[in-house]
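Enquirer: Below you will find the structure I want to go over with you.
Just so you know, all these numbers are worked out from the coordinates, no wet-lab data involved. Please read all numbers here as calculations on a predicted model, not as lab measurements. A quick note on method: Cβ atoms are made from the backbone with ideal geometry, for glycine too, and the neighbour counts reach across all protein chains shown.
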Amino acid sequence: MPTETTAALPTFADVQAAAKRLQGQAHRTPVLRSRSADDLLSAQVFFKCENLQRAGAFKFRGAFNALARLEGAQRQAGVVAFSSGNHAQAVALSAQILGMPATIVMPKDAPAIKVAATKGYGATVITYDRYTEDREAISRELAQKQGLTLIAPYDHADVIAGQGTAALELFEEAGALDALFVCLGGGGLLAGCSLAARALSPDCRVYGVEPEAGNDGQQSFRSGAIVHINTPQTIADGAQTQHLGQLTFPLIQKNVTDVLTVSDAQLVGSMHFLAERMKLLVEPTGCLGFAAAKAMAPSLKGQRVGVILSGGNVDLDRFCALMATRTAA
Ligand SMILES: *Cc1c(COP(=O)(O)O)cnc(C)c1O
């Protein structure tokens, strides 16, 4: 792909084009309401349930959009991605649907269940030692040697545009909102959703939400330059990114109101609420937005509030173990 097209910042038109490509492929996930959530926040809360998306997270949107755009030799050679999490499965499933080969680079000690799921979608899994080897270098070498196209997890225009369709659907269904809370790792979801917000609900305040232990996005947003951190210790494994991207950062700077943080204990409290009151299984990272909205409730009184629940991939043993750590709050 010519570098110029990949380097250009995606626009709302790209989000709309992605929505067309995803029609009949991604689930149009429900926007759920809850009387208990409304009472808790003294607001009208609209939950976009990407925990119910194919492969369990919004990542399918971006991955499918990026893969569907490949043509000719690129499509034939296939794709490579590095991830132990939701992006890996999203790329593997998208490749399977589109009849393309996929290679996923995963750590040797990745949970067997995730390796099995990725292989189950027909992908080739290549393992590496996360303490001594560099997954990005391995992926780039594979890409070069085998002519594979590297699908970056967040810093990729087509991935960002695809992720934005989650908010596009939310605004289509809920109408204009006063505030929107979006989980933040590398910023693909936030950047894409911010494009939809600016276009469809221009006055909506858009908040990115990170784990407290990994607030590189907040530091970057407030300082005006991309800040790098070491891999943060948090239960939000989908947001253990070390820095924002060259494409996601400028979009976040331009379209986002602020970047907020929440603690792991707040995430556990939110997981508990969503499971008990709404019967929704949401992974720790998927609760970032809701946890921040809860914490900000006094300033959201009477408002229309959107919350993206970004994913639901947490195995039940881990879910139970996390619930056991819950402190009365
Ligand atoms: C990847 C992921 C995120 C973070 O998305 P970015 O585009 O990297 O900001 C949030 N939640 C879940 C469930 C994820 O899988």
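Enquirer: Hey, could you check the range 90-104 for residues that are closer than 11 Å to Val125 by Cα and crowded, with 24+ Cβ neighbours inside 10 Å and say which is farthest from the ligand (Cβ to nearest atom)?
Expert: Looking at the filtered set, the residue picked out is Ala102.
Enquirer: For the subset of the range 150-160 comprising residues that are within 12 Å of the chain's Cα centre (by Cα) and part of a helix (DSSP H, G or I), which member is farthest from Val307 (Cα to Cα)?
Expert: Looking at the filtered set, the residue picked out is Val159.
Enquirer: Name the residues in the range 102-116 that are in contact (Cβ under 8 Å) with a residue 40 or more places away in the chain and within 19 Å of Phe64 (Cα to Cα), would you?
Expert: Thr103, the sole residue that qualifies.
Enquirer: Which residues, taken from the range 46-77, are surrounded by fewer than 19 Cβ atoms within 10 Å (Cβ to Cβ), farther than 28 Å from Leu177 by Cα and of a type in the set (A, V, I, L, M)?
Expert: Ala73, Ala77
Enquirer: Please verify whether the range 23-30 includes one or more residues that are without any contact (Cβ under 8 Å) to a residue 60 or more places away in the chain, charged (D, E, K, R), surrounded by fewer than 20 Cβ atoms within 10 Å (Cβ to Cβ) and more than 10 Å from the ligand (Cβ to nearest atom).
Expert: No, the range 23-30 contains no residue that is without any contact (Cβ under 8 Å) to a residue 60 or more places away in the chain, charged (D, E, K, R), surrounded by fewer than 20 Cβ atoms within 10 Å (Cβ to Cβ) and more than 10 Å from the ligand (Cβ to nearest atom).
Enquirer: Would you please name the residue that is nearest to Asp158 (Cα to Cα), looking only at residues in the range 6-33 that are hydroxyl-bearing (Ser, Thr, Tyr) and out of contact with any strand residue (DSSP E or B) (no Cβ under 7 Å at 6 or more places or on another chain)? Before the answer, list the steps.
Expert: Just the residues of the range 6-33 that are hydroxyl-bearing (Ser, Thr, Tyr), to begin with: 6, 11, 29.
Okay, now just the ones that are also out of contact with any strand residue (DSSP E or B) (no Cβ under 7 Å at 6 or more places or on another chain), so 6, 11.
Numbers: Thr6: 8, Thr11: 10 Å.
It comes out as Thr6.
Enquirer: Look through the range 137-160, keep the residues that are more than 15 Å from the ligand (Cβ to nearest atom) and not hydrophobic (A, V, I, L, M, F, W, C), and return whichever of them is farthest from Lys59 (Cα to Cα).
Expert: Lys145
Enquirer: Next question. Report, by residue number, each residue of the range 302-329 that is more than 12 Å from the ligand (Cβ to nearest atom) and touching a helix residue (DSSP H, G or I) at 6+ places or on another chain (Cβ under 8 Å).
Expert: Arg304, Val305, Gly306, Val307, Asp315, Phe319, Leu322, Met323, Thr325, Arg326, Thr327, Ala329
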